[in-house]
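Some notes on the structure that comes next.
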Amino acid sequence: VREVVRYLEEMMEFPADAVSPLKASIVTVDDIEALALRVRDAWGLGLGPLTDVVGLLEAHRVIPVEVHGHSSRLDAFSAWVEGRPMVFLSLDKGVASRRRFDVAHELGHLLMHGGCEAGEATVEEQAD
């Protein structure tokens, strides 16, 4: 995927992602709530439910990647790849509400946890 993105970036100029300017260090649950409200405000989301979270990330220049069977215990993961945010989603999990949660969870990691150890209990709780 990185090679495809690199190739496409040689052909066209990708707009800057809309996640980087919102990244924040968090300590408390109140910090997380404030960050969530800041993202909703910056992206014009209001306070209601979100129906198309994958489309929302795409609109804000996060690259979603669907993968088959990477792990029975892992529904999704995210990474900053050469400065570009990406969310990798398992195609093996067929529940839409779980997929929305997974995407929002990974957005939390992109916003709050650059460079943190994956799977660390505190980090996972914060992303939830």
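The values are calculated or read from the model by the stated rules, or taken from the named source; none is laboratory data. What you are looking at is a predicted structure, and each value in this text was computed from that prediction instead of being measured. Methodologically, a virtual Cβ is constructed for each residue, glycine included, from the backbone with ideal geometry; neighbour enumeration extends over all protein chains shown. What goes into the accessible areas is simple: the full protein's heavy atoms, side chains included, and nothing from ligands, DNA or RNA. Shrake-Rupley method; radii C 1.70, N 1.55, O 1.52, S 1.80 Å.
See the values below:
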read-out: Qualifying residue in the stretch 61-69 (condition: in a helix (DSSP H, G or I), open to solvent by 60 Å² or more (accessible area, probe 1.4 Å), among the basic types (Lys, Arg) and touching a strand residue (DSSP E or B) at 6+ places or on another chain (Cβ under 8 Å)); value: no
read-out: Residue list for the stretch 1-27, filter: free of Cβ contacts under 8 Å to residues at least 60 places away in the same chain and outside any loop (DSSP other than H, G, I, E, B); value: Glu3, Val4, Tyr7, Leu8, Glu9, Glu10, Met11, Pro21
read-out: Within the stretch 31-47, considering residues that are assigned to a loop (DSSP other than H, G, I, E, B) and within 15 Å of Pro21 (Cβ to Cβ), the one most open to solvent (accessible area, probe 1.4 Å); value: Gly44
read-out: The stretch 9-30: number of residues that are closer than 17 Å to Leu57 by Cβ and open to solvent by 60 Å² or more (accessible area, probe 1.4 Å); value: 4
read-out: Residue ID - surrounded by the most Cβ atoms within 10 Å (Cβ to Cβ), chosen from residues in the stretch 48-60 that are in a helix (DSSP H, G or I) and not β-branched (Val, Ile, Thr); value: Leu57
